[in-house]
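Chemist: Attaching a single structure in structure tokens format; questions to follow.
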Amino acid sequence: MSLLPRIYTVESVTKGHPDRVCDQIADCILHEITSQDPTARVAVEVFGCKGVVTIGGEVTTSSTVDYEALAREVLQSVGYDPVEFRLHMNQQSPQIGAAVSDGGAGDQGIMYGYATADTASHLPLGVDLARGLTSRLEELRESGEVPWLRSDGKSQVTIRDGAPEVIVVSTQHDESVSLEEVRSEIERRITPLLFKEGLGVVMQPRILVNPAGAWSIGGFHADSGLTGRKLAVDGYGGILPGGGGSTHGKDNSKVDRSATHKAREVAVDLVCQGHARECLISVAYAIGVNEPVMLHAINEERQDITHLLDPEVFLASRLR
């Protein structure tokens, strides 16, 4: 048995995808603030569209941060030109701040952590492969190995009975390169990933590269981006339960971030220790309350293995 469906499809996006750019800006700001002030309360949201990036949210901190400079660094790192910025930052509500000051959870919510022994990453095969494909696109662009590759890109993988059936890769490219070259070169470059050790691929899947045709306009000039919109991509692709909130731009008092990472970490530990071939952990919190209001774990047989968990590990105060 397995916790995964027999047939499923998942996706991944590159660092140059508009939603992912927003996630990176939010996380870059979070890192800078908490590096200066570990006790800061941070909830940063970013929206980008048509050359304008808006940064907003609630931050309570003693640190001094140049939000625009940090955002420009992220844009430059993924190969995008400068844009116009708008800032709308406020302090965290004192009522919320008071509720979590003694170690309680920074919000209510449900979080999930999954692991499997079937791949080296302990992720479902499709998720592992989809992420590997977008990482390969980024590697080819950043190294200059494929000079006409541009920043925006996506992958999608369909798994049937434990093996890839359909692979979709779409990538932004320089307008001077032909669609035929894009398709042949990208397929040639990604095919070795399908046969790497541990994937168990025994036959060639169907591969679609840029199925919509040429794609030379990408990023914020082609589409809008928003922090947290790739919630399923960040998790398990929708093939397993997903939590209610994004992990990006939030300090660790927000259990959306900290408890999600902890549940995944504990699930991996249980699998590595041989307690399960697959493990799914679910945990829920109430705002201002230290202890989880729910903590549950199952294995690949859907048997309850909650007794293997240490509840102390999931106290909100331990997640920071």
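The values are calculated or read from the model by the stated rules, or taken from the named source; none is laboratory data. What you are looking at is a predicted structure, and each value in this text was computed from that prediction instead of being measured. Cβ: placed from backbone, ideal geometry, glycine included. Neighbour counts: every protein chain shown.
Chemist: Mind checking which residues of the stretch 232-274 are touching a helix residue (DSSP H, G or I) at 6+ places or on another chain (Cβ under 7 Å) and closer than 26 Å to Leu129 by Cβ? Please lay out each step first, then the result.
Modeler: So in the stretch 232-274, the residues touching a helix residue (DSSP H, G or I) at 6+ places or on another chain (Cβ under 7 Å) come out as 236-238, 242-243, 245-253, 255, 258-259, 262, 266, 270.
Listed by number, the residues that qualify are Tyr236, Gly237, Gly238, Gly242, Gly243, Ser246, Thr247, His248, Lys262, Val266, Leu270.
Chemist: Are there any pairs, at least 6 apart or on different chains, whose C-beta atoms fall under 6 Å, with the first in the stretch 1-12 and under 11 Å from Asn299 (Cα atoms) and the second crowded, with 20+ Cβ neighbours inside 10 Å and of a type in the set (D, E, K, R), and if so, which?
Modeler: If the second residue must be crowded, with 20+ Cβ neighbours inside 10 Å and of a type in the set (D, E, K, R), the pairs left are Leu3/Glu278.
Chemist: Taking the stated definitions as given, is Ala259 in contact with a strand residue (DSSP E or B) (Cβ under 6 Å, 6 or more places away or on another chain), modelled with pLDDT of 95 or more, surrounded by fewer than 22 Cβ atoms within 10 Å (Cβ to Cβ) and not in a loop (DSSP other than H, G, I, E, B)?
Modeler: Working: in contact with a strand residue (DSSP E or B) (Cβ under 6 Å, 6 or more places away or on another chain): yes; modelled with pLDDT of 95 or more: yes; surrounded by fewer than 22 Cβ atoms within 10 Å (Cβ to Cβ): no; not in a loop (DSSP other than H, G, I, E, B): yes.
Against the criterion (in contact with a strand residue (DSSP E or B) (Cβ under 6 Å, 6 or more places away or on another chain), modelled with pLDDT of 95 or more, surrounded by fewer than 22 Cβ atoms within 10 Å (Cβ to Cβ) and not in a loop (DSSP other than H, G, I, E, B)), Ala259 does not qualify.
Chemist: If I filter the stretch 271-293 for residues that are buried (at least 16 other Cβ atoms within 10 Å of the Cβ) and assigned to a helix (DSSP H, G or I), do I get at least one hit?
Modeler: Within the stretch 271-293 (the criterion being buried (at least 16 other Cβ atoms within 10 Å of the Cβ) and assigned to a helix (DSSP H, G or I)), the answer is yes, since at least one residue qualifies.
Chemist: So is Thr306 in contact (Cβ under 8 Å) with a residue 24 or more places away in the chain and among the β-branched types (Val, Ile, Thr) or not? Quick ask: steps written out before the conclusion?
Modeler: Details: in contact (Cβ under 8 Å) with a residue 24 or more places away in the chain: no; among the β-branched types (Val, Ile, Thr): yes.
No.
A quick yes/no check of all residues on (1) surrounded by 19 or more Cβ atoms within 10 Å (Cβ to Cβ); (2) in the same structural domain as Glu301 (by TED's automatic domain parsing); (3) more than 14 Å from Thr9 (Cβ to Cβ):
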| site | (1), (2), (3) |
| --- | --- |
| Ser135 | no, no, yes |
| Ser143 | no, no, yes |
| Pro147 | no, no, yes |
| Arg150 | yes, no, yes |
| Ile159 | yes, no, no |
| Val168 | yes, no, no |
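Chemist: Looking only at residues that are aliphatic (A, V, I, L, M) and more than 15 Å from Val52 (Cβ to Cβ) in the stretch 215-238, which one is surrounded by the most Cβ atoms within 10 Å (Cβ to Cβ)?
Modeler: So the first thing to find is which residues in the stretch 215-238 are aliphatic (A, V, I, L, M), and the list is 217, 222, 226, 231-233.
When the remaining residues are screened for being more than 15 Å from Val52 (Cβ to Cβ), the result is 217, 231-233.
On the way: Ile217: 12, Leu231: 17, Ala232: 14, Val233: 22.
Result: Val233.
Chemist: Another question, if that's okay. Scan the stretch 98-116 and give yes if some residue there is at pLDDT 95 or above, polar (S, T, N, Q) and closer than 30 Å to Leu295 by Cα, otherwise no.
Modeler: Step one: filter the stretch 98-116 for residues at pLDDT 95 or above, giving 110-116.
With the extra rule that they be polar (S, T, N, Q), the set shrinks to 116.
Next, from what is left, pick out any that are closer than 30 Å to Leu295 by Cα: 116.
The answer is yes, given that some residue of the stretch 98-116 is at pLDDT 95 or above, polar (S, T, N, Q) and closer than 30 Å to Leu295 by Cα.
Chemist: Where residues in the stretch 53-70 are out of contact with any Gly (no Cβ under 9 Å at 6 or more places or on another chain) and hydrophobic (A, V, I, L, M, F, W, C), which of them is surrounded by the fewest Cβ atoms within 10 Å (Cβ to Cβ)? Don't jump to the end; show me each part of the working.
Modeler: Just the residues of the stretch 53-70 that are out of contact with any Gly (no Cβ under 9 Å at 6 or more places or on another chain), to begin with: 55-56, 58-59, 61-70.
Subsequent filtering for residues that are hydrophobic (A, V, I, L, M, F, W, C) retains 55, 59, 65, 69-70.
Values: Ile55: 24, Val59: 23, Val65: 20, Ala69: 10, Leu70: 20.
Out of the qualifying residues, it is Ala69.
Chemist: Assess whether Gly244 counts as being within 27 Å of Val44 (Cβ to Cβ) and surrounded by fewer than 20 Cβ atoms within 10 Å (Cβ to Cβ).
Modeler: On the way: within 27 Å of Val44 (Cβ to Cβ): yes; surrounded by fewer than 20 Cβ atoms within 10 Å (Cβ to Cβ): yes.
Spelling it out, Gly244 is indeed within 27 Å of Val44 (Cβ to Cβ) and surrounded by fewer than 20 Cβ atoms within 10 Å (Cβ to Cβ).
Chemist: So which residues in the stretch 137-180 are more than 27 Å from Val21 (Cα to Cα), in contact (Cβ under 8 Å) with a residue 12 or more places away in the chain and outside any strand (DSSP E or B)?
Modeler: The answer is Asp161, Gly162.
Chemist: Among what's in the stretch 165-207 and is of a type in the set (A, V, I, L, M) and closer than 18 Å to Arg150 by Cα, pick the residue that is modelled with the lowest pLDDT. Steps first, answer last, please.
Modeler: Initial filter on the stretch 165-207 (of a type in the set (A, V, I, L, M)): 166-169, 177, 179, 182, 186, 190, 193-194, 199, 201-203, 207.
This time we only want the ones that are closer than 18 Å to Arg150 by Cα, so: 168-169, 177, 179, 182, 186, 190.
Values: Val168: 97, Val169: 97, Val177: 97, Leu179: 96, Val182: 96, Ile186: 96, Ile190: 90.
So the residue we want is Ile190.
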